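Enquirer: Below is the structure I would like to discuss, written out as structure tokens.
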Amino acid sequence: MSKVELKNISKVFPDGIRAVDDVTITIENEEFVVLVGPSGCGKSTTLRMIAGLEDISSGELLIDGELMNYREPRDRNIAMVFQNYALYPHMTVYENMAFGLKIKKIPREEINKRVREAARILDIEQYLDRRPKALSGGQRQRVAVGRAIVRQPKVFLFDEPLSNLDAKLRVQMRAEIIALHKRLAATIVYVTHDQVEAMTMGDKIVVMKDGVVQQTGAPLHVYHNPTNRFVAGFIGSPPMNFLRCRLEDRGGILYAGNVRVADEHATALRVMVGREIEVGIRPEDFTIAGEGEKSEMSGTVAMIEPLGGENNLHIDAEEPEVRFIATLGSDESGFLHLGRKAHLGIKKGHLKYFDAETGRALLGE
């Protein structure tokens with residue numbers, strides 16, 4: 001497998017729309033990298049430039065140190081798996097997987113060996129004689145992946161391959177693709193708008209917005225150390241809550257609105273005293289205020305999403321006037337019902353702070 005480097009890559013369409021803007025990413029050999037972001041952020045366009053399906057307006061694309069900007073897709077030794085499986089309906093599973101190798105005039109014995117090995121890896125040996133219409137969505141997706149495997153490419157590209165599957169099958173296929181990555185020691189670039197897929201699958205995630213890379217890093221590092229408000233709000237489900245407030249010094253103790261700033265953060269934030277900031281609070285960082293404890297956030301329960309072991313409570317706060325989400329254990333929050341007051345504490349050491357104007361994180365990574 002191979003190392004892929006994108007150096008200051010941009011894509012500008014003829015109408016002047018800049019879909020990808022100065023993207024620099026290094027995908028190491030055997031690394032699983034996920035490009036994640038909302039629809040229209042440029043992630044699929046970036047993937048298509050790697051594949052050679054889109055021209056590169058500026059910048060350099062290198063695979064194993066070789067410039068690929070002007071290489072035809074067939075000469076890049078890359079295999080791509082699309083959201084649409086694009087299987088030939090009149091061919092059997094075996095024929096679908098073998099077709100690309102036949103075009104390349106690979107010997108019949110080698111084709112048979114590769115197809116059957118890929119079928120064994122993907123557990124679809126029993127379906128080789130079936131046509132796509134006789135397969136489930138998950139089985140068709142395996143065939144599409146198998147068609148990529150038999151090519152023995154340098155790099156695998158996945159463009160939202162699980163979007164058409166139901167929730168249970170998506171979880172199963174995520175696990176299978178992760179296992180496949182380890183088994184093949186493959187270099188994989190994977191595109192998704194689903195941040196849960198990004199968090200659970202990638203060795204490294206690249207968060208994009210409006211064609212620009214916002215942050216790159218290990219999933220948990222990005223989750224715990226977002227570089228700006230966009231990343232903080234996009235990565236995490238339910239999303240982070242944001243409270244706009246003024247940073248104040250009250251008798252030597254720093255407060256962001258009604259929330260006391262943790263001592264370990266106070267020194268770095270003192271330069272912002274008197275200015276408006278945004279405080280980011282993950283839903284899971286709320287606690288129920290105990291008897292006699294001062295609550296830091298209070299409000300009326302407007303909606304409850306029971307998830308079994310925990311509840312997502314949508315709460316209309318009194319001060320400031322904002323709706324926020326708190327994720328609490330079912331046993332802990334079972335007494336809270338619609339229309340009832342909720343009094344909550346906050347795990348202060350977990351809070352994030354952002355400049356109200358620029359959105360950048362105030363405490364750095």
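Enquirer: Kindly point out which whole DSSP H helices in the chain project their C-alpha atoms 24 angstrom or further along the helix axis while averaging a Kyte-Doolittle hydropathy of -0.5 or above.
Expert: Taking the DSSP H segments of the chain (at least 24 Å long, mean hydropathy at least -0.5), we get 167-184.
Enquirer: How large is the accessible surface per residue of the range 48-87, computed with a 1.4 Å probe and reported in Å² as a whole number?
Expert: Here the per-residue accessible area is 53 Å².
Enquirer: Each residue of the range 211-221 in order: what ³J(HN,Hα) in whole Hz does its phi give by Karplus 6.51 cos²θ - 1.76 cosθ + 1.60, θ = phi - 60°, with x for Gly and Pro?
Expert: For the range 211-221, the Karplus curve yields x, 10, 6, 8, 6, 10, x, 4, x, 5, 5 Hz.
Enquirer: Whenever you get a sec, compute what percent of the accessible area on the range 4-125 sits on carbon and sulfur atoms (1.4 Å probe).
Expert: On the range 4-125, the fraction of accessible area on carbon and sulfur atoms equals 47 percent.
Enquirer: Follow-up question, since we're still on this one. Sort 75-82, 244-251, 181-188 by packing, meaning the average of other beta carbons within 10 Å per residue, with the highest value first.
Expert: Packing proxy ranking, top to bottom: 75-82, 181-188, 244-251.
Enquirer: Kindly give the semi-axes, whole Å and largest first, of the ellipsoid equivalent to the range 68-155, taking each as the square root of 5 times a Cα gyration tensor eigenvalue.
Expert: 22, 15, 11
Enquirer: I would also like to ask the following. Taking the convex hull of the Cα atoms, report for the range 222-365 its projected area averaged over all directions, in nm².
Expert: If you wrap the Cα atoms of the range 222-365 in a convex hull and average its projections, you get 8.7 nm².
Enquirer: Can I ask one more? Roughly how many whole Å is it from the C-alpha centroid of the range 101-122 to that of the range 163-203?
Expert: 24
Enquirer: With a 10 Å radius around each residue's Cβ, average the other Cβ atoms per peptide and rank 85-97, 266-278, highest first.
Expert: 85-97, 266-278
Enquirer: Over 20 Å intervals from 0, what percent of Cα-Cα pairs in the chain sits in each interval?
Expert: Per 20 Å bin, starting at zero, the Cα-Cα P(r) for the chain comes out as 25, 46, 25, 4, 0 percent.
Enquirer: Still on this structure, I have one more. List the residues, sorted by chain then number, that are 5 or more residues from Tyr190 or on another chain and whose placed amide H is less than 5 Å from its amide H.
Expert: Result for Tyr190 returns Val33, Val34, Leu35, Phe158.
Enquirer: Computed FRET efficiency, Cβ-Cβ of Ser330 and Ser136, R0 30 Å: what is it to the nearest 0.05?
Expert: Plugging the Cβ-Cβ distance into 1/(1 + (r/R0)^6) gives 0.35.
Enquirer: Per residue, what accessible area does the range 108-211 have, given a 1.4 Å probe and all protein chains present, in Å²?
Expert: 45
Enquirer: Also, quick follow-up: Straight distance only, please: which lysines reach the Cα of Lys43 with their own Cα at less than 18 Å, same-chain residues fewer than 8 apart left out?
Expert: Of all the lysines, those that pass the test against Lys43 - Cα under 18 Å, at least 8 places apart if same chain - are Lys7, Lys11, Lys204, Lys209.
Enquirer: If you don't mind, there's one more thing I want to ask. What residues have an amide H closer than 5 Å to that of Glu30, excluding those fewer than 5 places away on the same chain, when H is modeled at 1.01 Å from N in the peptide plane?
Expert: Ser2, Thr187
Enquirer: Considering only DSSP beta bridges where both residues belong to the chain, give the percentage that are antiparallel (nearest 5).
Expert: Counting DSSP beta bridges with both partners in the chain, the antiparallel share is about 75 percent.
Enquirer: Hey, another quick one. Leaving out same-chain residues fewer than 8 places away, which lysines sit with a Cα under 16 Å from that of Lys104?
Expert: Lys113
Enquirer: Between the range 1-18 and the range 278-350, how far is it from one alpha carbon centroid to the other, in angstrom?
Expert: Here the answer is 43 Å between Cα centres.
Enquirer: Give the residues of the range 329-365 whose amide nitrogen is closer than 17 Å to a point set 7 Å from the Cα of Glu264 in the direction of its Cβ.
Expert: Once the point is set 7 Å along Cα→Cβ of Glu264, 346-353, 362-365 turn out to lie under 17 Å by backbone N, inside the range 329-365.
Enquirer: Here's something else I'd like to know. With every protein chain present, what is the per residue accessible area of the range 257-317 (1.4 Å probe, Å²)?
Expert: With all protein chains present, the range 257-317 gives 48 Å² per residue.
Enquirer: Take Lys113, project a point 7 Å from its Cα along the Cβ direction, then tell me which residues of the range 137-172 have their backbone nitrogen under 15 Å from it.
Expert: So the set is 150-152.
Enquirer: Okay, moving on. Please give the peptides 302-313, 221-232 ranked by average Cβ packing (other Cβ atoms within 10 Å per residue), highest first, as a rough proxy for protection.
Expert: Going from most to least packed, we get 221-232, 302-313.
Enquirer: While we're on this one: Report, to the nearest whole %, how much of the accessible area of the range 240-365 belongs to carbon and sulfur atoms, 1.4 Å probe, protein only.
Expert: It is 47 percent, rounded to a whole number.
The values are calculated or read from the model by the stated rules, or taken from the named source; none is laboratory data. None of the values given here were measured: they were computed from a predicted structure. Cβ: placed from backbone, ideal geometry, glycine included. Neighbour counts: every protein chain shown. What goes into the accessible areas is simple: the full protein's heavy atoms, side chains included, and nothing from ligands, DNA or RNA. Shrake-Rupley method; radii C 1.70, N 1.55, O 1.52, S 1.80 Å.
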